[in-house]
Amino acid sequence: MSKIGFIGLGNMGLPMAINLVKAGHEIHGFDLVPSAIEAAKAADIDVYESAAEAVNDADLIVTMLPNGKIVLSVFEEIIPAAKAGAVIIDSSTIDVSSAKKAHELAEASGLGCLDAPVSGGVGGAEAGTLTFMVGGSKDSFAKAEEALNIMGGKLVHCGAGGAGQSAKICNNMLLGISMIGACEAFSLAEKLGLDQQSLFDVVSTSSGSCWSVNTYCPVPGIGPQSPADNDYKPGFAAALMLKDLKLSQQAADESNMATPMGKHAADLYQAMVDGDGADTDFSGMINFLQNMKRG
Ligand code: NAD
């Protein structure tokens, strides 16, 4: 059994921490929000008054927070309090620059650090089937592997510090682009009088096949069960897709890489979110597109 500090017990963090408790670990948690603290107490998580107190005798520390600025401020607080040899796993989705800065802060104090964002959403967090994309040293990865395997179903050690966040935003940029492509194809097919099931049967076994069609088809009643079959309730909300697309564009700016499709995808999700689509599943892009005028 290890002592694990867990900072950020929200929609994702709480079920991840609960899986660690169920596996026999002692979780020392902290969150700013009273409702999160109450839910954590109900799940046998020992809750502390501050992030520093939650981590001070922990072997591992997990942070699951909204953005890079908050992650860095929490790192500033917990690093002086952490015990020698501890490894901090940041599983938040944040910008690559902040992730690299977090590694620098931890390593300057002799602590291990991993950027380990996840794919799989709240359902994956609850089921312990998340995919972790991990950046950091082999030594830190080895120390964290058992806990990561409890919270996740698949671990990919992608490389040095920042590699996990890089993998996450490249994957999600591709996902955003491919979902818009799937929505356009099914919408055009409908206008052409082509049966949606016929298009699915062709695309899902042809060169246009992709996860956005085969697994998560944006048309109700077509393909495996998906948010389209549940009135586009998330799933993965359009606001979260927009967050990740913006991170991809920040990384593209910082590395001077042209990603015109990623930029266009970000603009389209921004427009969907600026309408009334923020809390709609990202596959609800199909309805947004069908209401757009052809320019
Ligand atoms: P959330 O808002 O539900 O949880 C974040 C928690 O952090 C909140 O409970 C908040 O009170 C807490 N927090 C904020 N500042 C804090 C601080 N200074 N100290 C302690 N606690 C603090 O968000 P979430 O859905 O759990 O997402 C967490 C991260 O996971 C985000 O980076 C998100 O992009 C990423 N993510 C989310 C999903 C998803 O489906 N929700 C999927 C993949 C990745």
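Here are some notes:
- Segments classed as helices (runs of 4 or more DSSP H), wholly inside segment 1-71, with at least 2 members that are more than 9 Å from the ligand (Cβ to nearest atom) and open to solvent by 40 Å² or more (accessible area, probe 1.4 Å): 13-22, 34-42
- Residues of segment 154-180 satisfying the condition of being of a type in the set (Gly, Ala, Ser) and over 16 Å from the mean Cα position of the chain (by Cα): 159, 160, 161, 178
- Of the residues 252, 228, the single one that is more than 16 Å from the ligand (Cβ to nearest atom), assigned to a helix (DSSP H, G or I) and either within 17 Å of the chain's Cα centre (by Cα) or within 21 Å of residue 98 (Cβ to Cβ) (or both) is 252.
- Tally, over segment 241-272, of residues that are crowded, with 20+ Cβ neighbours inside 10 Å and of a type in the set (A, V, I, L, M): 9
- With respect to being assigned by TED's automatic domain parsing to the domain that holds residue 180, surrounded by 17 or more Cβ atoms within 10 Å (Cβ to Cβ) and either under 16 Å from the mean Cα position of the chain (by Cα) or assigned to a loop (DSSP other than H, G, I, E, B) (or both), residue 235 fits the description.
- Subset of segment 72-83 that is in a helix (DSSP H, G or I) and touching a Leu at 6+ places or on another chain (Cβ under 8 Å) - its residue that is most open to solvent (accessible area, probe 1.4 Å): 76
The values are calculated or read from the model by the stated rules, or taken from the named source; none is laboratory data. Computed from a predicted structure; not experimentally measured. Positions of Cβ are backbone-derived with ideal geometry, glycine not excepted, and every protein chain shown enters the neighbour counts. Keep in mind that these areas ignore ligands, DNA and RNA; they rest on the heavy atoms of the full protein, side chains included. Shrake-Rupley method; radii C 1.70, N 1.55, O 1.52, S 1.80 Å.
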